[in-house]
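The block underneath contains the structure these notes are about, expressed in structure tokens.
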Amino acid sequence: MKKVLSKLSALAVAGVMTIGMLTGCSSSQPTTTDTNQPAAENTAQEQTASEPAKSSGDTVDIGIVLPTKDEPRWVQDETRFIDALKDTDYSVEILFSQGSSAKEKENVEALLAKGIKVLIICPHDGTAAAAAAEAAKAEGVTVISYDRLITDTDAIDYYVTFDSVAVGKAQGQYLIDKASGTGNPLYLYAGAASDNNAFLFFEGAWSVLQPKIADGTFVIKNSSEAVALQDKATLTREEMSKIISQVTTNWDFNEAKNKAEAHLTAAKPEDKGDVFILAPNDGTARSIANVFTTDKDVTSYVITGQDAEKASIQYIIDGKQSMTVFKDVRTLVKDSIDMAVTVLQGSTPETTGSYNNGKIDVKAKQTEVIVVDQQNVKAALIDSGYYEASEFTGL
Ligand code: BGC
């Protein structure tokens with residue numbers, strides 16, 4: 001607590017306090033630094049900031065690196081980290097990589113220079129982040145992969161995650177439950193191929209959708225690669241890669257919008273009508289829904305999502321997005337902080353299973369997910385205290 005206090009007053013001197021205020025930081029909360037600013041400016045601020053903190057030590061115990069501030073999902077995580085860390089005795093700093101593996105590596109190096117003992121990192125690109133993890137490991141730091149798995153390295157100690165295969169299954173099952181008859185047009189979209197989760201989500205969705213494609217319930221309309229593989233119940237990673245590279249959104253709202261527009265332009269009126277859309281997350285779902293809603297030949301659509309982002313909750317209330325998969329970030333934050341504190345106290349954290357990252361089996365703690373649509377949105381997200389009713393209209 002002492003260290004966090006001195007660090008924050010130092011940051012106020014350096015003029016970074018605006019960021020603390022924006023993110024709701026007060027004197028007992030962890031530091032966040034907005035890496036959206038040019039790197040040189042950040043460095044200058046951090047150097048100035050470290051001066052007054054020296055007397056009580058300017059080290060950081062736990063470093064947290066998140067992928068980008070440009071997606072509400074990760075701002076949600078930041079907010080929940082700040083809430084969870086209010087009363088911690090350890091000093092913590094949160095940095096954002098702004099969708100750049102180079103920035104991510106710089107962030108990890110900056111945190112290592114501050115003496116972190118534990119690194120909680122959600123990689124922008126799971127494979128590229130191996131270098132950052134290895135740099136941390138070389139300094140004796142415990143590395144916790146957060147939400148996304150860092151792949152092809154043995155420099156990971158733990159993984160905290162949601163059940164991502166279950167996310168994809170829930171999305172696919174939702175489409176199935178809303179469909180009747182045969183020949184329903186199906187549009188598939190996926191996340192970024194650099195994110196291991198994109199494969200897990202797709203694997204889960206495919207496992208339930210494929211039998212319903214094989215029996216004629218759905219007809220895939222926007223992926224020749226998926227059509228070529230539609231008789232295979234289980235796909236290899238290479239096979240999934242082929243489909244994902246064709247229908248990826250790269251987790252980017254504009255890319256999702258452009259792809260959806262191109263698909264609808266290429267589709268004939270008979271490929272439209274009442275359509276079913278596998279959208280990988282909320283941000284891309286809103287972009288894709290906005291495109292489908294303006295096509296005169298689309299008479300209705302069912303579209304999936306995940307993350308329970310506020311904007312998508314409003315879309316669900318308004319009937320513009322069909323469902324989301326609620327991943328309670330508070331649990332993931334709590335699990336990773338508990339893990340970090342256990343390590344700092346010299347004990348071994350509890351885990352519930354493991355994930356192979358291409359090199360080793362990483363000990364993991366996994367959290368379940370909840371399907372949310374108009375029927376249960378109030379119970380799941382408002383009555384549970386996750387959001388305030390006043391944040392939405394028409395509830
Ligand atoms: C996360 C999702 C998120 C997506 C895009 C995934 O790795 O699990 O919650 O929507 O990345 O940022």
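Each reported figure results from applying straightforward, stated rules to the coordinates on display, with no laboratory input. Predicted model, so just to flag it, every value in this text is computed and none were measured. As a convention, Cβ positions derive from the backbone with ideal geometry for all residues, glycine included, and neighbour counts pool all protein chains shown.
Of note:
- Cα long-axis angle, helix 39-53 against the chain (0 to 90 degrees, to the nearest 10): 40 degrees
- Backbone HN-Hα couplings from phi across region 188-200 [Karplus 6.51/-1.76/1.60, Hz, Gly and Pro as x]: 9, 9, 9, x, 7, 5, 7, 10, 3, 4, 4, 5, 5
- Scanning residues 5 or more positions from residue 191 or on other chains, those with amide H under 5 Å from its amide H are 249, with H placed 1.01 Å from N in the peptide plane.
- Put simply, the amide H of residue 218, placed in the peptide plane, has neighbours under 5 Å in 183, 184, 213, leaving out anything fewer than 5 places away on its chain.
- Taken over the C-alpha atoms, the chain has Rg and Dmax values of 21.9, 72 angstrom.
- Candidate lysines - alpha carbon under 27 Å from residue 310, same-chain residues fewer than 8 apart omitted: 69, 86, 169, 178, 257, 259, 320, 327, 334, 365, 378
- Nearby aspartates and glutamates by direct alpha-carbon distance to residue 221 (threshold 16 angstrom, same-chain neighbours under 8 apart not counted): 231, 261, 270, 271, 274, 295, 297
- Reciprocal mean inverse distance between Cα atoms of region 221-269 - Kirkwood radius, Å: 11.8 Å
- Put simply, the amide H of residue 298, placed in the peptide plane, has neighbours under 5 Å in 273, leaving out anything fewer than 5 places away on its chain.
- Between 0 and 90 degrees, the angle of helix 253-266 with respect to the longest Cα principal axis of the chain falls at about 10 degrees.
- Taking 19 Å as the straight-line reach from the Cα of residue 114, the aspartates and glutamates in range (excluding those fewer than 8 positions away in the same chain) are 34, 41, 46, 51, 58, 61, 89, 93, 104, 106, 134, 139.
- With the convex hull drawn around the C-alpha atoms of region 166-309, the volume per residue stands at 95 Å³.
- Share of Cα-Cα pairs in region 71-220 lying beyond 25 Å, as whole percent: 41 percent
- Only DSSP H runs of four or more residues enter the estimate; each adds -39500 (n - 2.57), and after division by the residues of the chain the mean residue ellipticity at 222 nm equals -13000 deg cm²/dmol.
- Burial ranking of peptide ranges 81-88, 296-303 (average Cβ count within 10 Å, highest at the top): 81-88, 296-303
- For region 320-364, taking the reciprocal of the average inverse distance between every pair of different Cα atoms yields a Kirkwood hydrodynamic radius of 12.9 Å.
- Rounded to 10°, Cα long-axis angle of helix 282-292 versus longest principal axis of the chain: 30 degrees
- Projected-area mean, region 241-395, by convex hull of Cα positions, square nanometres: 12.2 nm²
- Equivalent-ellipsoid semi-axes of region 183-231, from the Cα gyration tensor, Å, largest first: 20, 11, 9
- Residues in region 364-372 carry Karplus couplings, in order, of 10, 10, 10, 10, 7, 10, 10, 7, 10 Hz; the curve used is 6.51 cos²θ - 1.76 cosθ + 1.60 with θ = phi - 60°, and Gly or Pro positions show x.
- Relative contact order of the chain, taken over Cα pairs closer than 8 Å and 6 or more residues apart, is 14 percent.
- Table column - 3J(HN,Hα) (Hz), region 380-391, Karplus curve with 6.51, -1.76, 1.60, x for Gly and Pro: 6, 10, 9, 4, 7, x, 6, 10, 8, 4, 5, 7
- Here region 250-294 is described by how far its Cα atoms reach on the three principal axes: 29, 17, 16 Å, from widest to narrowest.
- Our note on the geometry: Cα centres of region 361-395 and region 135-176, 21 Å apart.
- Built from the Cα atoms of region 332-395, the convex hull projects on average onto 6.9 nm², one quarter of its surface area.
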